[in-house]
Amino acid sequence: MIEATDFRNAMSLLTSAVSVVTTTGVSGRYGFTASAVCSVTDTPPTLLVCMNRASYSHAHFIENKILTVNVLGAHHQIISNVFSSKLNSEERFKHGVWTELKTGSPVLKDALVSFDCQLEQAQEVGTHDIFICRIVAIQKTQQDHGLAYFNRAYHHVGQAALA
């Protein structure tokens, strides 16, 4: 049997993009920092997002049935830390400039890319839910450096665009 600590240590060596996943609804705006996000298919455009069911905002994501995956740029390390902190939702959204696309879910204005989604299904696996999310709108910026997480530390990735 593989111990949870051994698994977490091994997974820390899997480089991941860093995203802030957001939702909104009658109970307010919520968001969390995620590295467990990936594409599922391009037809129809679909992502999966993993979220711990013990998270204080989990029920709001399920209830709202919308979310936006905001992929962070190299300059967003503070926002990543804020959305993984113990700050309440109102305090978290004081960081960054927020807009919206089709669903109304919060979109970080200067994210590398934001995927605005409808939550189509949630599958329980262990301590987490896997959200299957159909993309309904995409917003890209001209940022050319992303924020990655590897070996429990942030790293910048990407190259400057050629002039």
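Label-to-label distance for Arg53 and Arg134 is 2.5 nm, based on points extended 7 Å past Cα in the beta-carbon direction. Ellipticity at 222 nm from helices only: DSSP H runs of n ≥ 4 in the chain, each -39500 (n - 2.57), divided by the residue count, give -4000 deg cm²/dmol. For segment 4-155, what does the alpha-carbon gyration tensor say about shape, rounded, prolate or oblate, given a ≥ b ≥ c as the root eigenvalues, a/c under 1.5 as rounded, and a/b over b/c as prolate? Rounded, since a/c falls under 1.5.
Straight Cα distances below 12 angstrom link Lys102 to the aspartates and glutamates Asp116, with same-chain residues fewer than 8 positions distant left out. Model label sites at Ala153 and Asp110, defined 7 Å from Cα along the beta-carbon direction, differ in position by 2.5 nm. Counting only residues at least eight positions apart within a chain, or on another chain, the lysines with an alpha carbon under 25 Å from that of Lys86 are Lys65, Lys94, Lys109. As a proxy for reagent exposure, ranking Met51, Met1 by other Cβ atoms within 10 Å from fewest up yields Met1, Met51.
In percent, rounded to a whole number, the relative contact order of the chain is 27, using alpha-carbon pairs under 8 Å and six or more apart. Take the convex hull of the alpha carbons in segment 100-163; its mean projected area over all directions comes to 6.4 nm².
Since every read-out is calculated from the coordinates, none of them should be taken as a lab result. Worth saying up front: this structure is predicted, and the values here are computed from it rather than measured. All Cβ positions, glycine included, derive from the backbone under ideal geometry; neighbour counts span all protein chains shown.
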